[in-house]
Every structure is written in C-alpha cells, then in structure tokens.
Amino acid sequence: MSLQVQGLCKEYSTRSGSLSVLRNVNLELHRGEALAVMGPSGSGKSTLLHLLGTLDTPTSGSIRLDGKDPFRLPERDLADFRNRYIGFVFQDHHLLPQCSVLENVLIPTLVGKGNRTEIERWAKQLLGHVGLSARLEHRPAELSGGERQRVAVARALIQHPVLLLADEPTGNLDRHTALAVSQLLLDLHRQEQTILVVVTHSMELARSFPRQAEMVDGTLEAGGGRS
C-alpha cells in the first residue's frame, strides 16, 4: 500500500487575484514509512495535510492512496473513504466534552458496520497502549493536555487507517509531554504499519522521524534522514 502524490497544486481566489499555496508537490510513501514536514507559518504545510486527508480539493494534480483516487468518488463515498482509510491527530484534540474517553475513541466507528464487541475491545486495547486504561470513563475536562492528546491518537487509529496524519500534534504541550506524545505516535505507527505524515514547527520532533522534508513557498523539498 502506498501514498502517491503527483503535481499537486492548490490555489485560492482572492480579491487581488489567484493565490498559489501549493506548487507541483510530488511525494511517495509506502506503508510503514513516516515523514515529518517542516516549514514556517504560511508555507503550505497544513494545506498539504488537508489535501492528503481529503478535507480540501486540489486545484490540479493527483493523490492516490492504496491505488484509489478519493477525489473521483461521490461525496458520500468520499466521506466513507476518509473515515476508513485516514486517521487524524490535530494540534487541538477536538474531543467531545460530554463523552467519556472510551466514547470519544469509538466515535469514528459509529457510522460503520462491524462487531461492536470486537470494536470496543480494540478501543480499550488502544487506550491501554497509550496508558489510559484507568481513564476509560473520565471526561476530557478531567484529563491533562497530554492525556487528551493520547486519546486523540487512539481515536485516530481505531479504524486501522492506512494513512495517519498529524498537524502540530505536540504544539500545545510542554517539552516533556511533547516528547512522550511524539514517541507514542511513532511507536503506534510502527506497530500498525501506517503511512505517517506529521507537519510540525518542532525540529526536535522532526529529527525523530526517518524522513524529513521542508515546505518552502508552496513547494516540498526533501530533507535527509535521521542522523
């Protein structure tokens, strides 16, 4: 399984004309590979991640995941594809405050079919992996920032996604907690053999990845591996 991006461009219409955010981005990652994308604010990092996650539509170019072009799918099928194949971890955890930890992790599974007993067992197993077995019935307000982000990581993996995307996953955390969450993210990525793409301002986080790249004025420039 692989992620293949070819000639990806994204433009937005503004009052002063067309604004080019991404220019001819090319990328190929295979299952089990992980990439950290760095770059200053406004360089196109988050736009790239939103396109990879099918949350936005490219102006031109193509994205293929597991051999499929999601943008050729009808809207409902695209939503199903996104839910099944892609997991998201955002800077803000986006947990539902009225739901328990376990319920938050199970949310992506509510629209699909499957054995609910097995799905709940997997959710509890994931929460065990992230060190939250004792917090299943807690609400987000009862958790620390690092614990909330660990719930978000478990939720992102509940559907066994092919592609795992993380947008500044440690941006709101202190250094110690950030290191713990980033290591957890990489460990679970290796365990599940996802394709992992993280955008970050953190050089420390990026250096923990086997591959790095940098967004420069809307283009993706390959970096070296881990030294």
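Kindly check whether there is at least one residue in the range 78-98 that is of a type in the set (G, A, S) and surrounded by fewer than 15 Cβ atoms within 10 Å (Cβ to Cβ).
Looking through the range 78-98, at least one residue is of a type in the set (G, A, S) and surrounded by fewer than 15 Cβ atoms within 10 Å (Cβ to Cβ).
Can you pull out the residues in the range 118-173 that are free of Cβ contacts under 8 Å to residues at least 40 places away in the same chain, of a type in the set (K, R) and closer than 30 Å to L27 by Cα?
R150
Please determine, by comparing only the residues of the range 1-30 that are surrounded by 11 or more Cβ atoms within 10 Å (Cβ to Cβ) and of a type in the set (V, I, T), which one is nearest to the chain's Cα centre (by Cα).
Here the residue is V5.
Under the condition of being within 29 Å of Q4 (Cβ to Cβ) and surrounded by fewer than 20 Cβ atoms within 10 Å (Cβ to Cβ), which residue from the range 169-187 is nearest to the chain's Cα centre (by Cα)?
The residue in question is L186.
Answer yes or no as to whether G87 is modelled with pLDDT of 95 or more, closer than 23 Å to V199 by Cβ and either touching a helix residue (DSSP H, G or I) at 6+ places or on another chain (Cβ under 8 Å) or outside any helix (DSSP H, G or I) (or both).
So G87 fits the description; yes.
The values are calculated or read from the model by the stated rules, or taken from the named source; none is laboratory data. Bear in mind that the values here come from a model prediction, so they are computed numbers and not experimental data. Cβ atoms come from the backbone with ideal geometry, glycine included; neighbour counts cover every protein chain shown.
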